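Structure, as structure tokens:
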Amino acid sequence: MSLSCNSIKMTDRNGDLSFINQKAKQWRDVPNEEIVYLPKNETIFLSGGLTLLQDKLVEAALNSMNIHFIALPNPDFKSFQTGKAFGNRGQCNPTYFTVGNLVKYLQNLRDEEGFSTREIVSKYVYITAGGCGPCRFGMYITEYKKALRDAGFEGFRITAFEHDKGIFQGDEIEEQILDFTPSFFVTLIKSVIIGDIINILGYKMRPYEIENGSTDEALEACKNLVTEAFLKHKSLLKALWQCRTLLSAVKLNRLQPKAKVMVMGEFWAAMTEGDGNYNLHRFLEAEGAECIPQPIVNRLMLSIWEAEQDLNKAEILASDTAKSIDFSSVKKRLLIRAGKTAVKTHFSLYAKAIGLHDYEIPHMEKLAEIGKAYYTLDCDGGEGHLEVAHLIESVKEKLSHLTISVKPFGCMPSSAVSDGIQSLVTSRYPEANFLSIETSGEGAANFYSRVQMALFKAKQSAKEEFETLDKPEHTPEKVHNYLYQPKNEQIGTAAKLIASLPA
């Protein structure tokens, strides 16, 4: 045992039982000193944690609504270390990376930009997702506050989407600091959907680019076009149509047999593009693979599906005891259907405008039917039955050569599925190439080693699939244009292109 461990002593209050027989007092998470917060029009909102592109598009979208919003920088390993320094022990990566990134940003405002702590606390607000769940997700906001307090920013406000009033920090704040109106969510969702579409195209193109970095350069130009469209209230469809020219200029060689790898798992770990998952997507591309990411719209559609399921259950329970017909849920059902239709319509319009033709939003009812034999649909924590359904679908419909489920270390919902139920799935579908892997913030070497071993088999499968096809004497130039997206039973992009050509 180290000297530092030997020097640890019990606290003076250890064994103090003076609390016995004392009158209970309600604990309230409010600042010790009264803080005067700035009004709405002077408040600056902070957030982040989506993909790099989406964070910037969300920033532009909200600023177009006269909301002073700043997207935080991408969380890095220093963010993780900062989160661990000020957070409780035993938290998972999303907590450490997210709150550490926020604390690091606020420290920079204080130490480098010259803002006082009181000015920062009164002027800035952090937007996050809050809610209940079968894991530590329900405690995220409390953990954020604890870390912020210990870092010297007691009273810093946090607002979450689920609550009508919004602000968690301080019950005395009477003014609703941010209006979660339909217009707010529609504009937000538009930016997220467009970000998803551009990201999907990027992952389709980047592994086949002839000139390194040309795809990212084109994507950056597309981001600037869409950002301008949001800020100047121009047509988003026109901006995406202009992106076609930028993306078509990228020279590709798409007749290279590369393994297709579906990346899924815990929402944050599977989506983030940085140290939070050891830059998994870029690592796979560097190893000769093409990634199939899980877009954020999938999680949005799952949330809508879960809301519809909850409504169905409530109506069934009500019908058993009701003496008359209850129409109170009609409005909610109509809103759910309208939301589902709006997401699908906007995705379809924007995808067609930029030239993404072969991608369809996952059909949640279909996935539920696939997964329910292995995972109860009533257990809706995390990604629920989706992980099971995605793996089975990838095998049955030949979507990928390898499926990776990535999650933070100790993620209860995802680990229970991937380390337990998926073993039954893979026994029934032995052709499935599946890897369940965790991240801990450290241990990148072991992580990469396990990915490489699974990827070796996938690359062999992609090569064999391509070599068994009859190659035409001449291949038309159109196969190298990203707009050419044929559909057939082949998995790999190169094999799919060859199979679409006449022999």
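Numerical summary
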| quantity | calculated |
| --- | --- |
| Selection from region 50-74 of residues that are out of contact with any strand residue (DSSP E or B) (no Cβ under 8 Å at 6 or more places or on another chain) and either without any contact (Cβ under 8 Å) to a residue 40 or more places away in the chain or outside any helix (DSSP H, G or I) (or both) | 50, 51, 64, 65, 66, 73, 74 |
| Residue check, residue 122 part of a helix (DSSP H, G or I), small (Gly, Ala, Ser) and over 20 Å from residue 444 (Cα atoms) | yes |
| Some residue of region 452-469 being over 30 Å from residue 355 (Cβ atoms), surrounded by 15 or more Cβ atoms within 10 Å (Cβ to Cβ) and not polar (S, T, N, Q) | yes |
| Residue within region 337-357 that is surrounded by fewer than 22 Cβ atoms within 10 Å (Cβ to Cβ), modelled with pLDDT under 85 and touching a Lys or Arg at 6+ places or on another chain (Cβ under 9 Å) present | no |
| Near pairs, Cβ below 6 angstrom, 6+ apart or cross-chain, from region 234-252 (farther than 13 Å from residue 223 by Cβ) to any residue that is part of a helix (DSSP H, G or I) and of a type in the set (Phe, Trp, Tyr) | 252/208 |
| One residue from 453, 412 being farther than 20 Å from residue 252 by Cβ, modelled with pLDDT under 90 and out of contact with any Leu (no Cβ under 6 Å at 6 or more places or on another chain) | 412 |
| Any hit, region 315-325, residues being outside any loop (DSSP other than H, G, I, E, B) and touching a residue at least 24 places away in the same chain (Cβ under 8 Å) | no |
| Cross-chain or 6+ apart pairs with Cβ under 7 Å, region 428-446 first and of a type in the set (Ser, Thr, Tyr), then surrounded by fewer than 19 Cβ atoms within 10 Å (Cβ to Cβ) | 436/419; 439/409; 440/409 |
| Region 77-114, residues that are modelled with pLDDT of 90 or more, part of a loop (DSSP other than H, G, I, E, B) and among the charged types (D, E, K, R) | 112, 113 |
| Where a residue in region 201-228 is within 17 Å of residue 484 (Cα to Cα) and its partner, wherever it lies, is of a type in the set (A, V, I, L, M, F, W, C) and assigned to a helix (DSSP H, G or I), with Cβ under 6 Å and at least six apart | 202/219; 215/205 |
| Qualifying position, being touching a helix residue (DSSP H, G or I) at 6+ places or on another chain (Cβ under 6 Å), surrounded by fewer than 19 Cβ atoms within 10 Å (Cβ to Cβ) and either under 28 Å from residue 497 (Cβ atoms) or aliphatic (A, V, I, L, M) (or both), among 219, 252, 237 | 237 |
| Hey, residue 129 of a type outside the set (Asp, Glu), touching a residue at least 12 places away in the same chain (Cβ under 8 Å) and crowded, with 22+ Cβ neighbours inside 10 Å or not | no |
| Matching entry among 464, 442 (being over 26 Å from the mean Cα position of the chain (by Cα) and either at positive phi or not in a strand (DSSP E or B) (or both)) | 464 |
| Residue count for region 430-463, restricted to those that are of a type in the set (Asp, Glu) and over 22 Å from residue 286 (Cβ atoms) | 1 |
| Those residues of region 417-436 which are at pLDDT below 90, surrounded by 18 or more Cβ atoms within 10 Å (Cβ to Cβ) and aliphatic (A, V, I, L, M), in sequence order | 417 |
| Check on residue 383, surrounded by 15 or more Cβ atoms within 10 Å (Cβ to Cβ), within 19 Å of residue 303 (Cβ to Cβ), in contact with a strand residue (DSSP E or B) (Cβ under 8 Å, 6 or more places away or on another chain) and in contact (Cβ under 8 Å) with a residue 12 or more places away in the chain | yes |
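Condition check ((1) without any contact (Cβ under 8 Å) to a residue 60 or more places away in the chain; (2) touching a strand residue (DSSP E or B) at 6+ places or on another chain (Cβ under 9 Å)) across all residues:
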site: 358; (1), (2): no, no
site: 394; (1), (2): no, yes
site: 404; (1), (2): no, yes
site: 416; (1), (2): yes, no
site: 421; (1), (2): yes, no
site: 426; (1), (2): yes, yes
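Condition check ((1) modelled with pLDDT of 95 or more; (2) surrounded by 22 or more Cβ atoms within 10 Å (Cβ to Cβ); (3) outside any helix (DSSP H, G or I); (4) not small (Gly, Ala, Ser)) across all residues:
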site: 242; (1), (2), (3), (4): yes, no, no, yes
site: 263; (1), (2), (3), (4): yes, yes, yes, yes
site: 269; (1), (2), (3), (4): no, yes, no, no
site: 282; (1), (2), (3), (4): yes, no, no, yes
site: 285; (1), (2), (3), (4): yes, no, no, yes
site: 290; (1), (2), (3), (4): yes, yes, yes, yes
site: 303; (1), (2), (3), (4): no, no, no, no
site: 307; (1), (2), (3), (4): no, no, no, no
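Conditions (1) touching an Asp or Glu at 6+ places or on another chain (Cβ under 7 Å); (2) surrounded by 15 or more Cβ atoms within 10 Å (Cβ to Cβ), marked per residue:
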site: 68; (1), (2): no, yes
site: 80; (1), (2): yes, yes
site: 84; (1), (2): no, yes
site: 93; (1), (2): no, yes
site: 96; (1), (2): no, yes
site: 113; (1), (2): no, no
site: 117; (1), (2): no, yes
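The values are calculated or read from the model by the stated rules, or taken from the named source; none is laboratory data. From a predicted model like this one, the values you see are computed outputs, not experimental measurements. As a convention, Cβ positions derive from the backbone with ideal geometry for all residues, glycine included, and neighbour counts pool all protein chains shown.
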